[in-house]
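I have placed the structure first, in the form of C-alpha cells, so that the comments after it can refer back to it.
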Amino acid sequence: MKKSLLLVSLSLAVFMGCGMKKEYIRVTDQLDSIEVREKKIDRRTAVMDSLIQIQMGMIYELRAELRSLSASAGEKWSIAEQQQEDNKYRPLPIGPNQPDPKGPAPEPKAEVPSETNPKKLYDASYLDITKGNYDLALAGFNEFLKRFPKHDLADNAQYWIGEGYYAQKKYEPALTEFEKVVGNYPGKDKEPAALYKMGLCLQEMGDKAKARQYWQLLVKKYPKSPEAALASDKLK
Amino acid sequence: MNKYFTVIAMCLVLALGFGCTKKQTVKQEEPIKQPEVSIPAPVATPPAETQPAAPKIEFKTIFFAFDSYSLNEEGKALLNQAGGLLRSYPEVALRLEGHCDERGTAEYNLALGEKRANAVREYLENLGVSRSRLSTVSFGKEKPAVAGNDEASWARNRRVEIVPVAK
Amino acid sequence: MKIKYVLLILLSTILCQNVFGRADVYLKLSTSERRQLELGIAPLQAQDAKDHPEAIVNAQKMLEIIGDDLAFSLYFKLVYPPSLLEGYGLKKGRLDIGAWQMLGARQVLIPELKQEKKKVILKLSVFDLGIQRQVFSKDFEPDGSRAAAHAASDLIIKNLSGEDGVSSTKIAFSLKSGKNKELMLADYDGGGLRALTNFNSINISPDWQPGGGALAFVSFYRNRTDIVSLNLASGQTAIISQTEGLNTSPAWSPDGKSLALTLSKDGNAEIYLLSPETKELRRLTNSWAIDCSPSWSPNGRELVFNSDRPGSPQLYIMDSEGANIRRLTYQGGYNTSPSWSPRGDKIAFVSRIDGRFQVCTIDITGDNFVQLTYEGDNEDPSWSPDGLHLCFSSSRTGSHQIWRMHWDGSAQQAITNNGGSYMPAWGPVQ
C-alpha cells in the first residue's frame, strides 16, 4: 500500500513535471515572439520618430525661411517709407561743396541780404536756437512769418517759435505757439511734433488730463509718427 | 500622426498585459530610444559644479556682407543644421557673438554686430529653439578673427560665432 | 617721344594747379572767416640770466610751445623776425617799432628772463604798435613745464582776443595694447601722455563730463559692453549702465545732468536719456533700425545721431524729448560718428567716400557738405571746446594715430606716434 502510494505519487509528480515543462516551453516561446514583435515595433517607432523629426525640421526650416523673408520684406517697406519721409528735409542744392577740379570755383554771387532771403533768415534763426540765443531766434522767426507767411517753411518757423519758449521753460507761451502750428498749418510736417509738445507743456503746467487728450489725439491722427510712439509711452 | 499614436497605444497595451512578468519589468526600465539620424553621440555634461563645463558640440560660424545683417543662403543652411542639433540636445544653450570687420565706426559696428547676433537668434527661434537657450553679445570690430586689411580678411571677420555654453 | 614729354609737362602743370588751388581754398577759409591778429614774436632777452643756463634752456622750450599754441589757436598770424639773434627788433633796449611794422606786425610779444632777488623769472609782455602801449604783462616761472607754457598761452589768448583758448585742454583716447584697449590722456598737442585705465580689457568711446572731472566710457571688462565712469582726480570708477544687451556711445548733456546713451534692452539699439542721479531712464528713439552715437547741440535741446532707418547709416537730428526727427545727410551710403560743434553751426562726421572713411562737416541746415580729409581712413571726429579745431584718428601713415586739424581741414598733424590709437575725445576748458 505504502509502495503503491509512493509509486502513484512519483508517477504523478513525473507526469505533472512533464506537463509543467511543456507549459513552460509554451510560455517562453510566446514571450520570445512578443519580444521579437516588440523589437519590431520599437524599430518602426524609431524610424517613424526620425521621419517625424525630419518632417518637423523641414517645417521649422520653412517657417524660419518664411519669417526671415517676411522680416526683410517688412524692413524694405519701412526703408521705403522712411526715405519718402526723409525727402521732406532734403536741402537744395544737393552735392558736396568741394573745389571744382575742372576749373576755378565761380565767385559766390553777391548775397541777398537776409531780410529778403527767406532761407537765410530761417537758417540764421535756427542757428540762434541751437546756440541758445532764444530772444534773437524768436525775433528772427517772427520776422520770417511776417515777411513770408506763405513760405514752405512757415509751419517750421512757427514750430521753432514754440520751441524757443519751451527751451526757456516758458510753457504757457510755448503752448500758445505750438497751438498755432496745429491751428494754422494743419496736416503739415510739424503737426505731430507740435501736438506732442503741447502735451509736454500741459504736463509741465500741471494739467495732466488735458496733456493726455493731446497725446491721444496724436496717436489717433498720426499713428506712424515717431512722436506717436513717444506719446504712447507717456500714456502708459 | 494617427499611425504613430496607434503604435504607441499598442505598445502600452502590450506593456500593461505583460507587466507581471519579470522580463517586462526589466524592459520598462530602459528608456524609449531616440532615433539615430546621423547625429553624434551626446556628450554627457558633468554634474553641476561651480562652473559647469560647456558641452563639446561645435557650430559653424555664420558670415555676412558689408554693413549687412541679413542671413545668406549658406548661413541659413548652416543654421538649419544647427537647429536640428539643438532640437535633439535640449540641454545645450548658445551664446551668439556678433562681430564686424575693421572698417567703419566702432559704435555703429557694435550695434551692427548685435543686429547680426539677433538675426541668428531669431532664425534659430523660428527653428523651434527656445529663446531662453539663446543669448547674444556684440563685440563690434573689437575682436577680429583674422588680422589683415583686404576683402578676404574682412569677409572672415563679419560673422556670428555660435558658442555652446552650460545652461 | 617729344609729344610724351609735352603731355607730361602739361599733366604736371594741371596737377600742380590743382594742389595749389586746394591750398588756396584752405588759406581763404582760415583767413577770410576769421580776422587774425599779426603778432610779432621777439627773440628771448636773457642778459639778466647769464648765470642760469638751465633757465634759458627752459624758457626757450616754453617759448616754442607758446609759439605753437598761439599759431594753432587761429587767433594770430605769427610774425617772426628774419634773425633770431638776441636783441633783434630792439633799439637801445626799446622795441624798434619801425622794424616790426615793416614786418607787418601789429602787436609784439616780448619774452625776457629777469633776475629778481635770487629768482629768475620769465616775463612775457605784449606791446601794441598801433596805440604804442604795453597791453599785457605777466611773470612766469621758467620751469620748462608744458603745463606752465600752455597756461601762459591761454592767458595771452584771453587778454588779446577775449576768447577762451584751448592750449591747456586734454584729449582722451583709446590705445591698443595686445588684445586690449586702455584709455590714455594727452595734452591737446600730444604731450604729457599718461594711462588712465589698467582694466586688462577693451575700453573705448571716452566722453568728457562737462566739468572735465570725469570720463564716461564703454568697457568690456565683463566681456560685454558696460558704461563706466572714471573720476580723473581720484581714479575711482563707477558703473553707470549695465542693462542687458548693448550699453554704448555715452554722451553727457552740456548741463551735465543727463547722459544720452545707446541701449538694446528693448530689442535693438535705441537712444535713451539717463539721469545718473535719479536713475530715471527715458527712451528717445523708436525704430526697428539701429539708432546710436548721439551728440548734443550746445544748447542741450537737440541731439544729432546715427540711424540706418533709411537702409544705410545716415545722420538725423531730434530734440531731447525724441520729437521732431529729421534727416540731415543724404550724400553717400555711409555717414556715421556725428559730433555737434560747440559753436552750434556745423556737425562733423565720418563719410564713406570711394571706399575709404573721411572726416567731413555739414551745416546743421543740411547744406554745405565739405570733405576735410583725403588720405587713409579718418574716423571719430571730436571738436575742441572752442569749435575751431577737430581731433580724429587716421590710418594714413599705416598705423592708427590721433590727429588734429582746424575746422576747415587745414593744418592736419599727428599728435601721437605709438600706433593703435583710436576714438579721441577733446576735453573741456578747465
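The values are calculated or read from the model by the stated rules, or taken from the named source; none is laboratory data. Quantities reported herein were computed from a predicted structural model and do not represent experimental measurements. Every residue, glycine as well, gets a Cβ built from its backbone with ideal geometry; the counts of neighbours run over all protein chains shown.
Structure above, values below:
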{"read-out": "The range C:134-149 residues that are assigned by TED's automatic domain parsing to the domain that holds C:Glu54, paired with ones that are of a type outside the set (D, E, K, R) and in a loop (DSSP other than H, G, I, E, B) (beta carbon under 9 Å, 6 or more apart)", "value": "C:Pro142/C:His52; C:Arg146/C:Gly191; C:Arg146/C:Gly192; C:Ala147/C:Ser168; C:Ala147/C:Gly192; C:Ala148/C:Pro142; C:Ala149/C:Ser167"}
{"read-out": "Any hit, the range C:190-198, residues being within 19 Å of the chain's Cα centre (by Cα) and within 14 Å of chain B (Cβ to nearest Cβ)", "value": "no"}
{"read-out": "Subset of the range C:335-365 (residues that are crowded, with 22+ Cβ neighbours inside 10 Å and in a loop (DSSP other than H, G, I, E, B))", "value": "C:Ser341, C:Ile364"}
{"read-out": "Yes/no for C:Ala323 being more than 12 Å from chain A (Cβ to nearest Cβ) and crowded, with 20+ Cβ neighbours inside 10 Å", "value": "no"}
{"read-out": "Residue tally, condition touching a helix residue (DSSP H, G or I) at 6+ places or on another chain (Cβ under 7 Å), within 24 Å of B:Glu122 (Cα to Cα) and surrounded by 19 or more Cβ atoms within 10 Å (Cβ to Cβ), over the range C:287-305", "value": "2"}
{"read-out": "Residues of the range C:242-277 that turn out to be among the basic types (Lys, Arg) and either under 18 Å from C:Phe217 (Cβ atoms) or within 13 Å of chain B (Cβ to nearest Cβ) (or both), as a count", "value": "1"}
{"read-out": "Unmet criterion (only one of (1) within 14 Å of chain A (Cβ to nearest Cβ); (2) hydrophobic (A, V, I, L, M, F, W, C); (3) free of Cβ contacts under 8 Å to residues at least 12 places away in the same chain) for B:Leu86", "value": "(3)"}
{"read-out": "Selected residue (only one of C:Asp377, C:Asp386 is free of Cβ contacts under 8 Å to residues at least 24 places away in the same chain, among the charged types (D, E, K, R) and in the same structural domain as C:Thr285 (by TED's automatic domain parsing))", "value": "C:Asp377"}
{"read-out": "Qualifying residue in the range B:96-118 (condition: part of a helix (DSSP H, G or I), facing another protein chain (nearest Cβ under 9 Å) and within 15 Å of the chain's Cα centre (by Cα))", "value": "yes"}
{"read-out": "Condition check for A:Val219: free of Cβ contacts under 8 Å to residues at least 60 places away in the same chain and over 21 Å from C:Arg283 (Cα atoms)", "value": "no"}
{"read-out": "Residue list for the range C:372-427, restricted to those being over 23 Å from C:Asn306 (Cβ atoms), outside any strand (DSSP E or B) and within 14 Å of the chain's Cα centre (by Cα)", "value": "C:Asp386, C:Leu388, C:Asp408, C:Ser410, C:Ala411, C:Gln412, C:Ile415, C:Thr416"}
{"read-out": "Scope the range C:199-228; condition closer than 12 Å to C:Met423 by Cβ, away from chain B (no Cβ under 11 Å) and polar (S, T, N, Q); matching residues", "value": "none"}
{"read-out": "Among residues of the range C:258-267, those that are of a type outside the set (A, V, I, L, M) and crowded, with 21+ Cβ neighbours inside 10 Å, counted", "value": "3"}
{"read-out": "When residues of the range B:125-149 are limited to those that are more than 14 Å from chain A (Cβ to nearest Cβ) and among the hydrophobic types (A, V, I, L, M, F, W, C), the one farthest from A:Arg63 (Cα to Cα)", "value": "B:Ala147"}
{"read-out": "Test for A:Thr45: is it more than 43 Å from the chain's Cα centre (by Cα), farther than 24 Å from B:Arg131 by Cβ, part of a helix (DSSP H, G or I) and modelled with pLDDT under 90", "value": "no"}
{"read-out": "Every residue from the range C:328-365 that is within 7 Å of another protein chain (Cβ to nearest Cβ) and under 18 Å from C:Arg301 (Cβ atoms)", "value": "C:Gly344, C:Asp345, C:Ile364, C:Thr365"}
{"read-out": "Residues (at pLDDT below 85 and within 7 Å of chain C (Cβ to nearest Cβ)) located in the range A:68-103", "value": "A:Tyr89, A:Arg90, A:Pro91, A:Ile94, A:Pro96, A:Asn97, A:Gln98, A:Pro99, A:Pro101"}
{"read-out": "Subset of the range C:171-184 [surrounded by fewer than 20 Cβ atoms within 10 Å (Cβ to Cβ) and either of a type in the set (Gly, Ala, Ser) or within 18 Å of C:Ile65 (Cβ to Cβ) (or both)]", "value": "C:Ser177, C:Gly178"}
{"read-out": "Leading residue by the ranking (surrounded by the fewest Cβ atoms within 10 Å (Cβ to Cβ)) among those in the range C:132-167 that are out of contact with any strand residue (DSSP E or B) (no Cβ under 8 Å at 6 or more places or on another chain) and of a type in the set (S, T, N, Q)", "value": "C:Gln132"}
{"read-out": "Criterion: buried (at least 19 other Cβ atoms within 10 Å of the Cβ), in the same structural domain as C:Trp252 (by TED's automatic domain parsing) and more than 21 Å from A:Leu218 (Cβ to Cβ) - qualifying residue of C:Leu274, C:Leu284", "value": "C:Leu274"}
{"read-out": "Tabulated pairs, the range C:60-77, first part of a helix (DSSP H, G or I), second surrounded by fewer than 17 Cβ atoms within 10 Å (Cβ to Cβ) and among the aromatic types (Phe, Trp, Tyr), C-beta under 9 angstrom, 6+ apart or interchain", "value": "C:Gly67/C:Tyr80"}
{"read-out": "Among the candidates C:Gly256, C:Gly235, C:Gly212, residue that is free of Cβ contacts under 8 Å to residues at least 40 places away in the same chain and under 29 Å from the mean Cα position of the chain (by Cα)", "value": "C:Gly235"}
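One line per residue, one yes/no per condition, for (1) free of Cβ contacts under 8 Å to residues at least 60 places away in the same chain; (2) touching a Pro at 6+ places or on another chain (Cβ under 9 Å); (3) at positive phi; (4) not basic (Lys, Arg):
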residue: B:Lys56; (1), (2), (3), (4): no, yes, no, no
residue: B:Phe63; (1), (2), (3), (4): no, no, no, yes
residue: B:Asn80; (1), (2), (3), (4): yes, no, no, yes
residue: B:Glu114; (1), (2), (3), (4): yes, no, no, yes
residue: B:Ala155; (1), (2), (3), (4): no, no, no, yes
residue: B:Val165; (1), (2), (3), (4): no, yes, no, yes
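Matching residues to (1) surrounded by 24 or more Cβ atoms within 10 Å (Cβ to Cβ); (2) on the phi < 0 side of the Ramachandran plot; (3) without any contact (Cβ under 8 Å) to a residue 60 or more places away in the chain; (4) within 14 Å of chain C (Cβ to nearest Cβ):
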| site | (1), (2), (3), (4) |
| --- | --- |
| A:Leu136 | no, yes, yes, yes |
| A:Arg147 | no, yes, yes, no |
| A:Tyr159 | yes, yes, yes, yes |
| A:Tyr165 | no, yes, yes, yes |
| A:Val181 | yes, yes, yes, yes |
| A:Ala193 | yes, yes, yes, yes |
| A:Gln203 | no, yes, yes, yes |
| A:Asp207 | no, yes, yes, no |
